[in-house]
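Read through the structure below, which is laid out as structure tokens, and then see the notes.
The values are calculated or read from the model by the stated rules, or taken from the named source; none is laboratory data. Model, not experiment: these values are computed from the prediction. Note that we place each Cβ from the backbone using ideal geometry, even for glycine, and neighbour counts take in every protein chain shown. Calculation scope for accessible area: heavy atoms of the full protein, side chains included, ligands and nucleic acids excluded. Shrake-Rupley method; radii C 1.70, N 1.55, O 1.52, S 1.80 Å.
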Amino acid sequence: MSKDNKSDKDWKETFKKKLNIEPGVHLGESGSKDKKKFTFSFWYFFIILLLFLALNTFMVSRQANVYAVDYTQFKQLVSDGTIRRVAIEEERYIGYPFSRDQAVTDLRSLTSDPNASTATALLQSFSTYKVDDPAFIPLLDEKKVEYYATPPAKPSLLSTLLSYALPFVFILLIWRFLFSKMGGQGGQGVLSFNQNKAKIVAEGDTGVRFDDVAGADESKYELEEVVDFLKRPEKYTEIGGKIPKGVLLVGPPGTGKTLLAKAVAGEAGVPFFKMSGADFVEMFVGVGAARVRDLFRQARENSPCIIFIDEIDAIGRSRVSAGMGGNDEREQTLNMLLVEMDGFDSRTGVIILAATNRPEILDPALLRPGRFDRQVLIDKPDLEGRLAILKIHTRNIKLGEDVDLRKIAQSAAGLAGADLANIANEAALLAVRQKRKTVLQADLEEAIEKSVAGLERKSRLLNAKERERVAYHETGHALTAFLTEGAEPVSKISIVPRGMGALGYTLQYPTEDRFLLSESELLNTIDTLLGGRAAEEVIYQEISTGAGNDISRASDLVRRMLTEFGMSERYRNITLPTTQSGIAGISGAREYSEKAQEYIDCETARIVNERYTKVKTNLEKNRKALETITTKLLEKEVLNGSEFQALAKSEVID
Ligand code: ADP
Ligand code: MG
Ligand code: ZN
């Protein structure tokens, strides 16, 4: 971390020149510097205040030997001749025990004859507040006391200025203090509306290379292309090619999205602006939009470069689903992002990377071509991937003789890269705790248990039995698709658990775009859906909950064939609709007779049963193929389309 900061600093220096950054614009973590300036000015203020107090006391002490006396006493002093001279001020009388001429001569003699008591006596004077007494002036005249009037004291220019300015300064300081607290960024915070917090990461600064990312080869390949474009744009532009403007990294948490983006920065050798989606969001409307604008302005000035927005779902959330009233600030930020992304084309050499683990909540406008037109999926790693990740994270750990990383990888099915990194580290800590110099297999096993216990609810590990059942289930889907004429070919079978719920999956890619499906194609789909459960029954003579989703999808499809598509025997070509929305928003009320409902229910059951029996018979016939493919799947966790086709072709008897 500290090493990062240092090189960051060097980097800032060079880039400040290049970026033409005014001193007010901060890159990275310069918030602390700002705070220092703030406290400094506070002390400055404090010192001024102290000076003022000192000055005040000094001015008061200058009048220390003026004795305040009662008016009657004052008059008495005049009458008995103690007071020889009176100054008539606005509110007071000041009486001096000597006349003007006398003061001058006495002061002269004082310089030659330093007699302390004379001096004090000379300097003593008396003051009293005025009383509306018409007899006073005549008394002075009578006693031959000198008197004179002084104009009301004018406040000095300095003190006037200060009395006006000080409250202002004070309020300003308090204001700044409060806002800096709110913004949490020293003086920066909320007041710096259009300054963005984009962090520029230098080439090699992240210290991450593509080699540090394992098990995400396809995603890596796509991003390597992005890096290549930034390094040698001619190669692509010469033949008129266009590189995507935006690349969205999608995948479950901890699979290495941020890591991959860092690797891109490390490899690309161009400025890399890193920002998190949440950095745009501030409490005032418009701040986020200003930050987006500023970020893109900086990026354009520094092209070729990469902008990376991590966790983009913070601002990219769908505007419709934002609920009642929506969120103005986020909406404006998103709109500005869309506008800015349209505002340049990829030839300017700015490429936007973004990462999210919730692509489904992103606004569709973000995903359309011309914006994030390329989506790179980073899935949880399969066995080989996990092994490679473990190897990376045990590079600097001393492993004992008995360590078999492949075994560890096998028992960590369903864990993401971040979990594996954690396991490697945890194992090292366990070894240290037991005062060993090397990490043993047992440490790694315990580490898995530990980290899985922590994850229990999120992504639990399957035990061997469950895994086998899942493998049979998925193979059942795939094999049924293979056996069904006209069904779309299987492109991938996987038993790597994905997110919540799905324990495995079988992907079928349509060979061409489909806008309508024939009756038989719909039935094929239903067969494939039922294949999973059928395979379980063939092998275990018992069904499980694992197929719940398949079953509901299959029966739903059958029901829609009967009601929506008019494919039933009795109500052929007739729709049996349900209300879409009533006055009170009630939907789902049927608009057909009780009898028709009964028919639909019976037919649904009949069709599903018929298909299921057929599928099961087919699988029973090909039990050997089912077993061979399942064994292979258990071993490899993922089978791609061609591997599966090859196996199926050699095993299936038909
Ligand atoms: P995400 O951003 O997808 O949530 P990260 O990129 O932050 O995940 O990953 C967290 C950590 O997990 C990384 O810093 C790295 O140590 C480890 N990691 C995750 N995936 C991989 C991978 N494919 N190869 C190597 N390490 C990985
Ligand atoms: Mg991340
Ligand atoms: Zn299934």
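Here are the numbers for this structure:
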read-out	value
Difference of contour (0.36 nm per residue) and Cα-Cα distance, residue 361 to residue 595	80.1 nm
Spin-label zone in segment 137-151 - amide nitrogen under 12 Å from a point set 7 Å from the Cα of residue 66 along the C-beta vector	150
Inter-centroid distance (Cα atoms) of segment 128-181 relative to segment 611-654, Å	102
Separation in nanometres of the label points that stand 7 Å from Cα toward Cβ, at residue 238 and residue 165	6.7
Over 22 Å (Cα to Cα) - which of 262/636; 391/450; 220/380; 220/257 fall in this group	262/636
Residue 644 accessible area, 1.4 Å probe, all protein chains in place, Å² to nearest 10	0
Chain lengthening between residue 76 and residue 640 when straightened (0.36 nm per residue, less Cα-Cα)	191.1 nm
